[in-house]
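> Take a look at the following structure, please.
Derivation of every value follows stated rules applied to the coordinates shown; laboratory data play no part. Not measured: the values here are computed from a predicted model. Don't worry about glycine lacking a Cβ; one is built from the backbone with ideal geometry, like all the others, and counts go over all protein chains shown.
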């Protein structure tokens, strides 16, 4: 509630542009400093381990943390590593970052500092995305002051920001290409330079190299490219960072992607869709997560095709579908969507509600310790996480029907390309009603 009151009050405050920038960045920095001393998540210990063993000449994809050849490297933090019988699961571009941090000292503070600075850079790029579509950049406060964003990177030290930042850069460059920025006033859209498109694809490839999931966004880029030839030309650029980094770690001789496949086939946690369907059907498909992965990829492709004429809307829908249909939904995964959510405005309100209710995810550890069974997810906990954003969606649909607004548009007033969005203050206020009015 404090977050919601602060962000909505900031959006309505009568301040100069300079004052707004100072408050925006002061809040973002102070909040991240406030959580700097909290205990990091257990993923951090794997980051540090995999970075450290690379400095000793070992390949994290070839040896798991409990492998006998690595016994002499174990320290006091080794026992904190999760899934010690698994070799590295994170993509090779991320492993390169871990190796660089290990070379710089491998300190917990170093990781937290990098991830916090990356998060602040995400805030800056989110502001640029809003300026690009002529919306008040202060709307990015809904991400910059978000408690989950503050905790997950500067506090818990998850590395997902290293994926989000190049992804947002890719989105910004794609917008430059589609909007024709850099062309002379008399030049047709068909004659625009594809340099921005290739740069965008390369940045998307960096995001894929850090974490594989952005690959589902390739169809969005393909439809935005404007022609099949350009769409096909995106593939080498988007695949280059992952391919080069995988080869650097010995692929195909070393099973760089084997652990990911192993995890993907069996691991499940906090997924809202498939668990619900299994509860209704009373069984799961024989293929398990493999079937769900295929269905998720198909759904993302269909959604991208549906929004092929509006890539900005398609981006949020495809990205959101990939998250909700994933068999694994860790709390910090919601942060993948939030920087795009501030861009989309009021239609993305449910995502910000989810970012707050998702804190219930962290109760899983308490429940698990009490029961002695790993990853037990009681129904009441799942409902506490996913019911509030669902209520927001249903209320929004009901209100639009009563007002007679068309249901086939995300928003008749807040679309970034709609003329009213040119007024930055109005657009920001529309996203930021009084906190209690929001729940009406």
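> Angle, helix 311-324 long axis vs. longest principal axis of the chain, Cα atoms, 0 to 90°, nearest 10?
It is inclined by approximately 40 degrees.
> Could you rank the peptides 82-89, 309-316, 145-152 by their average count of other C-beta atoms within 10 Å per residue, with the highest value first?
Order by mean packing, descending: 145-152, 309-316, 82-89.
> Moving to a separate point now. Rounding to the nearest 10 and keeping the result within 0 to 90°, find how far the Cα-based axis of helix 92-104 lies from the longest principal axis of the chain.
Between the helix axis and the principal axis of the chain, the angle is about 70 degrees.
> Something else now. So for each of 45-58, 275-288, 337-350, 107-120 I average, over its residues, the number of other beta carbons within 10 Å; can you give me the resulting order with the highest mean first?
Top of the packing list down: 337-350, 45-58, 107-120, 275-288.
> Order these peptides, 357-363, 389-395, by their mean beta-carbon neighbour count within 10 angstrom, highest first.
The most tightly packed comes first, giving 357-363, 389-395.
> Next question, about the same structure. Give me the angle, in degrees from 0 to 90, between the Cα long axis of helix 17-34 and the longest principal axis of the Cα atoms of the chain, rounded to the nearest 10.
Orientation of helix 17-34: about 20 degrees from the principal axis.
> Please report the Cα spread of the stretch 50-142 along all three principal axes, rounded to whole Å, starting with the longest.
57, 22, 21
> Would you mind computing Rg(Cα) / (2.2 N^0.38 Å) for the stretch 2-438, counting N as its residues?
In units of the 2.2 N^0.38 Å rule of thumb, it is 0.99.
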